[in-house]
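These notes concern the structure reproduced below.
The values are calculated or read from the model by the stated rules, or taken from the named source; none is laboratory data. Small disclaimer: the values here were computed from a predicted structure and weren't measured. Here the Cβ positions follow ideal geometry from the backbone for every residue, glycine too, while neighbour counts run over all protein chains shown. Please note that ligands, DNA and RNA were not included when accessible areas were found on the heavy atoms of the full protein model with its side chains. Shrake-Rupley method; radii C 1.70, N 1.55, O 1.52, S 1.80 Å.
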Amino acid sequence: MMLLFPLAAFADGIAYRVDFEGLEEGPALRMIKSVSELTGLKKHAPPSIHALKYRAESDIPDIIKVLHAYGYYEATVSMRVEETFKIAVVTVMIRSGPVYKLEDYQINLSYHDSRIICDQVQLQNMGLNLGKPAVAQDLLCAEGRLLQLLSEYGYPLASIRKREVVANGKSKQVTVHLDVDTGPLSRFGAVRYEGQTSVKPQYMEKKITWTEGEIYNSQQVECSQKSLLDTGLFSSVLITHDDILGENGAMRMKVDVTETKHRSVNIGASYQTFWGFGLGFGWENRNIHGSGRKLSIQGDVTKNSHTGLAAYAIPDFRKPGEDFVTQAAAVHEAVDPSYSMRSYSAMSRIEKKFKAGFRAALGGRLEQLYVTASVHNGEFLLAEAPLYFRWTTANNLLNPTEGWTIEYTLTPSVNLDAPKGYYMSQALTQNYYFPVDENHVFVIAQKLTLGSILYQSFDAVPVCKRFFGGSEDDLRGYRFQTVSPLKGDRKPIGGGSAVYYTLEARFRLSKSIGFVPFFDLGNVYQTKFPQFDKKWLKSLGLGLRYFSFLGPLRLDVAFPLDKRRHLDDHYRIIISIGQTF
């Protein structure tokens with residue numbers, strides 16, 4: 001019986017493996033494997049060798065379709081099934097033949113009016129290049145981009161009327177001819193809102209980026225949809241238009257939304273190396289008076305700090321993208337051995353979002369400040385006018401892998417209780433992220449910070465407002481907030497200027513694990529401007545990153561290379577969420 005029947009005949013099914021020959025690993029072969037029943041149903045073994053052969057032969061039409069889609073119009077496929085003692089072997093033999101390339105792509109636009117936009121309808125704008133393989137998916141995507149392009153210039157009703165694709169067997173090239181009906185030139189018409197229950201339409205109107213009567217532009221529709229979603233008031237937003245035009249080509253628009261819950265309570269726990277374990281509690285209403293105004297209350301408690309904050313925000317205060325925020329805060333911090341402080345403040349500011357990553361804020365702040373356990377204790381009644389500016393091209397907030405970020409803060413301050421108690425603090429920070437490879441597995445990141453306080457009397461600057469290095473972002477090997485000029489051996493006095501530089505090599509080992517060697521450099525000076533000819537403090541370390549759905553979880557071990565007696569440990573461990581910068 002062993003001689004007459006293969007062993008597999010007594011099993012529950014025929015176990016087999018699949019080998020592909022004749023086509024190199026690439027997009028075409030990966031697509032073939034994804035559509036093949038031989039690979040997709042491998043865990044469901046056929047009951048006999050004949051069933052396996054039938055399964056293999058059934059794959060041939062689908063494989064040829066894939067090869068045609070990737071420009072192999074002369075491809076042939078055959079199967080060979082070999083039955084062995086332990087496992088059957090199916091060999092898929094592919095003779096791909098030459099790949100056909102795109103020779104010509106002609107577009108015939110049929111206009112309903114005299115408005116011409118042919119200069120915008122170009123192959124490079126559609127993602128096509130002549131002389132490249134004629135991949136069917138690329139050709140179809142080009143049609144979608146063509147219709148999208150027409151919708152951006154006032155023709156949202158455009159359609160492909162006729163498509164002709166010719167493959168020349170002699171020249172091995174493909175030509176495409178499209179007849180496109182642009183439809184009539186369209187303009188934005190009246191807008192109706194549906195689905196909202198508590199959000200007022202007047203607020204939603206502020207998020208619409210077009211004006212009635214403007215020539216239709218699909219980019220403005222997408223921008224308006226994103227703007228509405230970014231409010232946090234809606235779980236879904238769908239903006240559509242009628243297919244029938246009114247007078248002067250006006251197209252009625254419809255904004256259909258689904259509201260989220262606008263009130264929320266948050267309770268959380270945290271841990272940071274210096275501050276220790278912490279608890280937080282907050283309450284928020286994101287839709288006061290139905291106009292998207294936000295009222296929030298937040299409290300946080302750690303071993304060394306207590307913070308309470310109440311804030312009221314008015315979005316689109318005078319114009320879209322401009323927000324007004326007013327808040328009151330109470331803060332207590334004990335930063336041993338540098339200082340201890342209590343602060344009670346009220347602040348109002350206007351925040352403005354500009355295009356291309358620009359953001360600015362200007363405000364006024366009144367703060368009652370009590371400083372103890374420092375080299376210069378006292379009470380300060382400060383009036384401040386903080387200015388903030390930010391420009392960024394970084395691609396992510398918690399884990400950027402490319403782009404730039406530049407931030408600048410300027411804070412003129414006056415101590416209302418002292419005749420000469422005025423000073424001006426400023427800081428400039430530049431971050432740069434350079435991906436070494438295309439997949440952003442290896443990223444070089446660097447950060448440079450320059451700080452300066454202009455003052456008439458150094459004592460006019462409260463100790464907690466001065467510069468201190470050794471945080472979780474700079475000079476990580478040194479004791480927290482102690483890098484500054486010292487009084488004696490242990491008492492930091494703070495600085496009037498600072499310079500910090502950090503270089504990180506970010507390696508991603510897998511989807512969830514990465515490691516980061518880093519080097520920190522810098523110092524803090526009592527003078528108004530950094531003294532680059534003085535000693536620099538340095539730290540070296542290695543970090544571990546776990547990429548969770550919340551963002552990278554960070555663990556850094558840093559070593560001070562210029563360890564100070566009585567202050568610094570041999571190493572320092574830092575745990576937090578997000579990359580260093």
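Filter the trypsin sites (Lys or Arg not before Pro) in the range 220-274 down to the DSSP loop ones having no more than 13 other Cβ atoms within 10 Å, then list what survives.
Numbers: sites: Lys226, Arg252, Lys254, Lys261, Arg263; in loops: Lys261.
Qualifying residues, ordered by number: Lys261.
Which value does Rg/Rh take for the chain over its C-alpha atoms, Rh per Kirkwood?
Numbers: Rg = 32.9 Å, Rh = 30.2 Å.
Ratio of gyration radius to Kirkwood radius: 1.09.
Starting from 0 in steps of 10 Å, tell me what percent of the Cα-Cα pairs of the range 129-189 lands in each bin.
For the range 129-189, the pair-distance distribution reads 20, 43, 25, 10, 2, 0.
Around Ile406, under 13 Å between beta carbons, what's the net of Lys plus Arg minus Asp minus Glu among the other residues?
Values: positive: Arg359, Arg390, Lys447; negative: Glu407.
Taking every other residue near Ile406 into account, the sum is +2.
Express the carbon and sulfur contribution to the solvent-accessible surface of the chain as a percent, rounded to the nearest whole number, probe 1.4 angstrom. Please list the in-between numbers first.
Details: 17440 of 30550 Å².
Within the chain, the accessible surface is 57 percent carbon and sulfur.
Short version: ³J(HN,Hα) in whole Hz for each residue of the range 505-518, in order, from phi by Karplus 6.51 cos²θ - 1.76 cosθ + 1.60 (θ = phi - 60°), x for Gly and Pro, what are they?
Values per residue, Gly and Pro as x: 10, 9, 10, 10, 6, 8, 4, 10, 10, x, 9, 9, x, 9 Hz.
Taking the Cα centre of the chain as the origin, how large is its charge dipole in debye, to the nearest 20, when only Lys and Arg (+1) and Asp and Glu (-1) carry charge on their Cβ atoms? Write out the running numbers ahead of the final one.
Working: 66 positive and 61 negative charges, 306 e Å.
It comes to approximately 1480 debye.
Any chance you could give the angle, 0 to 90 degrees and rounded to 10, that helix 218-230 forms with the longest Cα principal axis of the chain?
50 degrees
Pairing the Cα long axis of helix 49-69 with the longest principal axis of the chain, what angle in degrees results, from 0 to 90 and rounded to the nearest 10?
Relative to the chain, helix 49-69 is tipped by roughly 70 degrees.
What value, in deg cm²/dmol to 500, does the helix sum -39500 (n - 2.57) over DSSP H runs of n ≥ 4 give at 222 nm once divided by the residues of the chain?
Working: 6 runs with 70 residues, N = 581.
Helix contribution divided over all residues of the chain: -3500 deg cm²/dmol.
Provide the per-residue ³J(HN,Hα) series for the range 519-527, in order, calculated from phi with Karplus coefficients 6.51, -1.76, 1.60 and θ = phi - 60°, each as a whole number of Hz, with x at glycine and proline positions.
Result, rounded to whole Hz: 9, 10, 9, x, 5, 10, 10, 6, 6.
Step by step: find N for the range 249-398, compute 2.2 N^0.38 Å, then divide the Cα radius of gyration by it. What's the final number?
1.33
Report, in debye and to the nearest 20, how large the dipole of the range 322-383 comes out about its Cα centre when Lys and Arg carry +1 and Asp and Glu carry -1 on their Cβ. Each step should come with its number before you reach the end.
On the way: 7 positive and 7 negative charges, 78 e Å.
Once rounded to the nearest 20, the dipole reads 380 debye.
So what's the net charge close to Ser374: Lys and Arg +1, Asp and Glu -1, counting the other residues with Cβ under 10 Å from its Cβ? Present the calculation step by step, with values, prior to reporting the outcome.
Working: positive: Arg466, Lys487, Lys491; negative: none.
For residues surrounding Ser374, the net value is +3.
If you build the Cα gyration tensor of the range 211-326 and take the root of 5 times each eigenvalue, what three semi-axes come out, in whole angstrom, biggest first? Present the calculation step by step, with values, prior to reporting the outcome.
Working: eigenvalues 342, 41, 32 Å².
Ellipsoid semi-axes (Å, largest first): 41, 14, 13.
Per residue, how much accessible surface does the chain expose to a 1.4 Å probe? Answer in Å², no decimals. Could you put the intermediate results ahead of the total?
Numbers: 30550 Å² over 581 residues.
Heavy-atom SASA per residue in the chain reads 53 Å².
Once both axes come from the Cα atoms, what is the angle between helix 136-152 and the longest principal axis of the chain, in degrees from 0 to 90, rounded to 10?
50 degrees
Could you rank the peptides 363-375, 155-167, 493-505, 331-343 by their average count of other C-beta atoms within 10 Å per residue, with the highest value first? Walk me through the numbers on the way to the answer.
Details: 363-375: 16.9, 155-167: 15.4, 493-505: 21.4, 331-343: 18.9.
Sorting 363-375, 155-167, 493-505, 331-343 by mean packing, highest first, produces 493-505, 331-343, 363-375, 155-167.
Could you grab the relative contact order for the range 320-414? Cα pairs under 8 Å, six or more apart, rounded to a whole percent. Can you show the working numbers first?
Numbers: 217 pairs, mean separation 20.2, N = 95.
It comes to 21 percent, rounded to a whole number.
For the range 123-273, place one equal point scatterer on every Cα, skip the solvent, and apply the Debye formula. What is log10 of I(q)/I(0) at q = 0.13, 0.19 Å⁻¹?
Once normalised to I(0) and log-transformed, intensities are -0.75, -1.12.
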